[in-house]
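Single-structure report; data block below.
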Amino acid sequence: MAKDIEISTSEAQFILEALKQNGRLDGRSFDQFRDVEISFGREYGDVTVKMGNTKVQCRISCQIAQPYEDRPFEGLFLISTESSPMAGPQFENGNNTGEDEVLCARIIEKAVRRSGALDVEGLCIVAGSKCWAVRADVHFLDCDGGFIDASCVAVMTALLHFKKPDISVLGDRVTVHPVDEREPVSLGILHIPICVTFSFFNPQDTEENIKGDSNSEIAIIDATLKEELLRDGTLTVTLNKNREVVQVSKAGGLPMDALSLMENCHKAYTITERLTEQILDVIKKDDAERNKYATLLSSENARET
Amino acid sequence: MSTLIFPGDQLNIDSEQPTTLGPGLYFDPVTQEIGPTNAGVEVIANTKRGQTVYVDYDSKRYIPAVGDYVIGIIVGQFSDSYKVSLSSFSSSVTLSYMAFPNASKKNKPTLKVGDLVYARVCAAEKELEAEIECLDSTTGQDAGFGLLEGGIVIDVTLGFARHLLFDKDFPLLKILSSFTQFEVAIGVNGKIWVKCEEVKNTLACYRSIIDCQKTSVSEYKNTIKSHFKNIVDAAGGK
Amino acid sequence: MTTIKVSTGVLTNVDGSSQFECRDTKVLCAVTGPVEPKARQELPTRLALEVVVRPAKGVPNTREKLMEDRLRAVLTPLIVCSKYPRQLCQITCQILEAGEDEGEFSQKELSCCINAAFLALIDAQLALHSFSSSVSLAVLKESGELVLNPTGDLLKVSLSAHTLALELTDGSKKVANVLLLDSNGDFTDAQLLKVLQVGEQGCLEQAQFMRNFLAAKITDEIVRTKVNDNGN
């Protein structure tokens with residue numbers, strides 16, 4: 001991404017020099033993830049995530065479709081990440097063939113869809129003929145780095161927040177009940193993967209495969225756009241609260257050794273834990289807000305058990 | 001007196017007097033009418049030869065105008081000129097090898113791609129590529145233009161950059177100078193270049209200027225103070 | 001007047017941006033320009049416009065293309081295109097909440113896109129000829145009642161739906177031109193005239209609201225950067 005933003009040599013040198021002296025432009029420490037702001041729209045499954053100046057919106061929608069022939073018991077789940085010049089003029093409309101765009105889309109796809117975060121078997125209505133097709137549209141609104149991390153939070157929060165209309169099946173006849181007729185139902189979420197991206201800088205020109213004491217490489221978490229433009233390597237690890245590594249993606253760039261990979265995973269875990277808690281918390285709060293009157297309106301039969 | 005004006009509004013000028021049009025105004029060649037094209041403050045100034053009218057507005061994208069001091073990045077090099085970018089994604093401008101002090105056919109400037117340069121816009125026609133120069137074209141002498149070495153560039157809105165450059169009472173630089181020594185160059189294309197002896201002071205300047213854009217003038221002192229305090233604290237904690 | 005919510009300067013990486021919310025429809029718009037165009041976009045004497053409309057859900061298709069075309073038709077006469085020859089302006093509208101059945105209608109989204117794009121152009125400070133304002137209207141099936149800025153539910157029970165965009169001058173109080181009148185469904189001459197009449201009133205009121213918002217924003221900016229003589 002962002003190949004056309006011009007950065008002067010002085011600026012690049014300064015950012016590196018500042019990193020060497022333990023400083024980042026925005027005043028964060030190397031391991032500090034930006035504060036994540038999550039807000040909801042009017043409908044279920046409409047989530048906007050803000051991290052600094054980065055802004056991503058995710059919108060979940062669903063419709064009834066036919067399942068794949070080789071997977072008759074599974075529903076469909078699609079994540080669409082398309083960039084537009086809204087996030088910055090460096091993005092071209094409808095052109096998602098750039099290396100970074102493809103990488104971003106693939107990592108989100110791997111982290112959320114292929115890790116089985118959404119229970120696709122629960123989307124099956126009538127085996128082999130009808131199922132729910134769930135679609136997540138990720139809109140990049142403003143770009144200041146960290147698209148992968150922000151998108152992942154947005155998609156997961158939106159999936160947790162979304163409710164699909166209730167259905168009843170009578171033989172081959174499927175009835176979809178409108179939302180005002182029957183309470184819509186949540187999707188089955190099996191775990192919440194969280195992506196954390198590390199960026200590596202090598203202030204010296206020598207590349208080392210075995211990192212000795214002389215190694216002066218710098219690793220920072222959650223780079224901003226300028227840092228992303230200047231970095232020499234990147235690593236995205238996806239973890240969940242259960243301490244499971246969902247995926248590790250490191251496409252080229254500076255080589256890294258096993259020890260620092262382990263170390264980075266540990267750092268990422270504390271962030272994962274905190275973010276998971278935050279997501280569940282905002283979902284709970286929003287739910288309470290939406291169902292303010294639920295307890296007043298609900299009527300239950302007093303039944304002896 | 002300042003009136004806010006929007007596109008399509010009527011100007012409050014005396015139509016009898018000869019009028020000079022500044023930025024934010026458009027003379028329609030078909031209807032022969034003058035109208036504002038931007039949302040901002042209508043400023044009318046009386047001069048010897050009549051009146052000058054313009055709309056004062058703030059924006060983010062720079063459009064070259066003759067006489068402006070600008071900061072650019074060298075993005076290309078040709079046999080007799082450099083290609084310079086004044087803001088990302090805009091059309092680039094030309095900086096001729098001859099537009100340097102003491103330039104001759106043999107004495108060529110030694111700027112490289114990626115270098116920062118402080119210059120003056122010397123030609124700007126909307127149909128053509130604009131040109132900039134690194135000398136005082138009236139005397140042919142050095143006038144403080146040229147390569148900016150090291151330091152950092154801060155992107156600000158054009159209005160803010162104009163405040164910094166033209167408003168003599170604008171306190172930001174004065175307050176900054178009470179905390180650290182620094183070199184500064186202000187380009188009205190919304191770029192401010194700052195360089196201090198020490199990296200941490202430059203960092204504090206960078207953060208101060210960015211934050212001051214969003215706060216009111218009376219808050220500048222506190223904002224800047226807190227940034228310099230943070231720098232000292234960070235160094236102490238290490 | 002219908003409650004609308006506007007904000008400008010909401011995005012950092014583009015030259016101008018705005019968010020426009022009218023009832024249950026919400027649109028975000030970004031404007032970048034004038035910038036260097038690609039060779040195939042360049043026009044020798046005027047500013048080229050790249051208009052993009054992106055739906056809230058799903059991939060953009062012919063519906064969005066049609067909206068882009070309408071939006072371009074409205075914006076082209078508004079912008080002083082001759083001031084920026086061989087340049088490009090990118091206008092991107094992202095619909096955040098459609099507020100109507102996307103399979104059947106696009107009137108509300110289109111009117112919000114027009115308003116959002118206009119405000120984003122003002123925010124980007126591109127040269128404009130005049131002010132503009134747009135509303136959507138619907139004539140209801142049963143009662144024949146004309147509703148200004150209908151909700152998505154009312155659209156469903158409407159006989160005809162309309163989008164109106166006007167060009168305004170002289171303190172945004174005078175209608176200079178009809179930029180767009182897009183009507184769908186069954187309607188009579190009399191109804192269309194009524195639509196124009198009510199729509200004009202709605203546009204004028206909305207324009208004053210937008211002016212007040214912009215004025216407050218500019219005043220704010222002036223107050224903030226005003227140097228206080230005894231302060232420092």
(request) Just one of (1) farther than 18 Å from A:GLY88 by Cβ; (2) modelled with pLDDT of 95 or more; (3) aliphatic (A, V, I, L, M) trips up C:LEU28, so point out which. (result) (1)
(message) For segment B:1-43, which positions are free of Cβ contacts under 8 Å to residues at least 12 places away in the same chain, within 10 Å of chain C (Cβ to nearest Cβ) and either in a strand (DSSP E or B) or closer than 17 Å to C:LEU121 by Cα (or both)?
(response) B:TYR26
(message) Which residue is farthest from the other protein chains (Cβ to nearest Cβ), if the candidates are limited to segment B:206-229 and must be under 21 Å from the mean Cα position of the chain (by Cα) and not hydroxyl-bearing (Ser, Thr, Tyr)?
(response) B:ILE209
(request) Kindly indicate the residue of segment B:167-194 that is over 21 Å from B:PHE228 (Cα atoms) and within 12 Å of chain C (Cβ to nearest Cβ) and also most open to solvent (accessible area, probe 1.4 Å) among those meeting that condition. (result) B:LYS168
(request) Take B:VAL232 and decide whether it is over 19 Å from the mean Cα position of the chain (by Cα), among the β-branched types (Val, Ile, Thr), closer than 23 Å to A:ARG28 by Cβ and not assigned by the TED database to the domain that holds B:PRO101. (result) yes
(message) Considering only residues that are touching a Lys or Arg at 6+ places or on another chain (Cβ under 9 Å), more than 9 Å from chain C (Cβ to nearest Cβ) and in a loop (DSSP other than H, G, I, E, B), which ones fall in segment A:35-70?
(response) A:ASP35, A:TYR44, A:GLY45, A:GLY52, A:GLN66, A:PRO67
(message) What are the pairs with Cβ atoms under 6 angstrom where one residue, in segment A:258-287, is under 20 Å from A:ARG34 (Cβ atoms) and the other, located anywhere, is in a helix (DSSP H, G or I) and open to solvent by less than 80 Å² (accessible area, probe 1.4 Å)? Sequence gap at least six, or different chains.
(response) A:ILE279/A:THR157
(request) Quick one: count up the residues across segment A:22-34 that are surrounded by fewer than 20 Cβ atoms within 10 Å (Cβ to Cβ) and at the interface with another protein chain (Cβ under 7 Å from one of its Cβ atoms). (result) 3
(message) If I filter segment C:134-151 for residues that are under 30 Å from B:LEU4 (Cβ atoms) and either charged (D, E, K, R) or part of a loop (DSSP other than H, G, I, E, B) (or both), do I get at least one hit?
(response) yes
(request) Return the only residue of C:LYS156, C:LYS217 being without any contact (Cβ under 8 Å) to a residue 60 or more places away in the chain and over 18 Å from C:ILE79 (Cα atoms). (result) C:LYS156
(message) Just to be sure before I move on: is C:ARG63 surrounded by fewer than 24 Cβ atoms within 10 Å (Cβ to Cβ), within 14 Å of the chain's Cα centre (by Cα) and part of a helix (DSSP H, G or I) in the structure I sent?
(response) no
(request) Would you mind finding the one in A:PHE91, A:PHE73 that is open to solvent by 60 Å² or more (accessible area, probe 1.4 Å), part of a loop (DSSP other than H, G, I, E, B), in contact (Cβ under 8 Å) with a residue 12 or more places away in the chain and touching a helix residue (DSSP H, G or I) at 6+ places or on another chain (Cβ under 9 Å)? (result) A:PHE73
(request) Evaluate the following for C:ILE114: is it more than 14 Å from every other protein chain (Cβ to nearest Cβ), within 20 Å of B:ALA39 (Cα to Cα) and either over 16 Å from the mean Cα position of the chain (by Cα) or not polar (S, T, N, Q) (or both)? (result) yes
(request) Would you check which residues across segment B:195-205 are more than 10 Å from chain A (Cβ to nearest Cβ), surrounded by fewer than 24 Cβ atoms within 10 Å (Cβ to Cβ) and either part of a helix (DSSP H, G or I) or basic (Lys, Arg) (or both) and list them? (result) B:ASN201
(message) If a residue must be more than 14 Å from every other protein chain (Cβ to nearest Cβ) and either closer than 11 Å to B:LEU111 by Cα or part of a strand (DSSP E or B) (or both), how many such residues does segment B:62-76 contain?
(response) 1
(request) Select from segment C:150-192 the residues that are within 20 Å of C:ASN212 (Cα to Cα) and surrounded by 19 or more Cβ atoms within 10 Å (Cβ to Cβ) and write down the one among them that is nearest to the other protein chains (Cβ to nearest Cβ). (result) C:THR169
(request) Taking C:VAL31 as meeting all but one of (1) more than 9 Å from chain A (Cβ to nearest Cβ); (2) under 15 Å from A:LEU141 (Cα atoms); (3) not in a strand (DSSP E or B), write down the number of the exception. (result) (3)
(request) Would you check which residues across segment A:41-70 are surrounded by fewer than 20 Cβ atoms within 10 Å (Cβ to Cβ) and hydrophobic (A, V, I, L, M, F, W, C) and list them? (result) A:ILE64, A:ALA65
(request) Tell me which of these C:LYS38 doesn't satisfy, since it passes every other one: (1) out of contact with any Ser or Thr (no Cβ under 8 Å at 6 or more places or on another chain); (2) crowded, with 21+ Cβ neighbours inside 10 Å; (3) facing chain A (nearest Cβ under 10 Å). (result) (2)
(request) Looking only at segment C:149-195, count how many residues are out of contact with any strand residue (DSSP E or B) (no Cβ under 7 Å at 6 or more places or on another chain) and within 21 Å of C:ARG23 (Cα to Cα). (result) 4
(message) For segment A:1-18, check the following and say yes or no: at least one residue is more than 26 Å from B:GLY72 (Cα to Cα), within 11 Å of another protein chain (Cβ to nearest Cβ) and open to solvent by 20 Å² or more (accessible area, probe 1.4 Å).
(response) no
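The values are calculated or read from the model by the stated rules, or taken from the named source; none is laboratory data. Since the structure is predicted, the reported quantities are computational estimates derived from the model, not experimental observations. Virtual Cβ from ideal backbone geometry, glycine too; neighbours counted across all protein chains shown. Note: accessible area is taken over every heavy atom of the protein model, side chains too, but ligands, DNA and RNA are not part of it. Shrake-Rupley method; radii C 1.70, N 1.55, O 1.52, S 1.80 Å.
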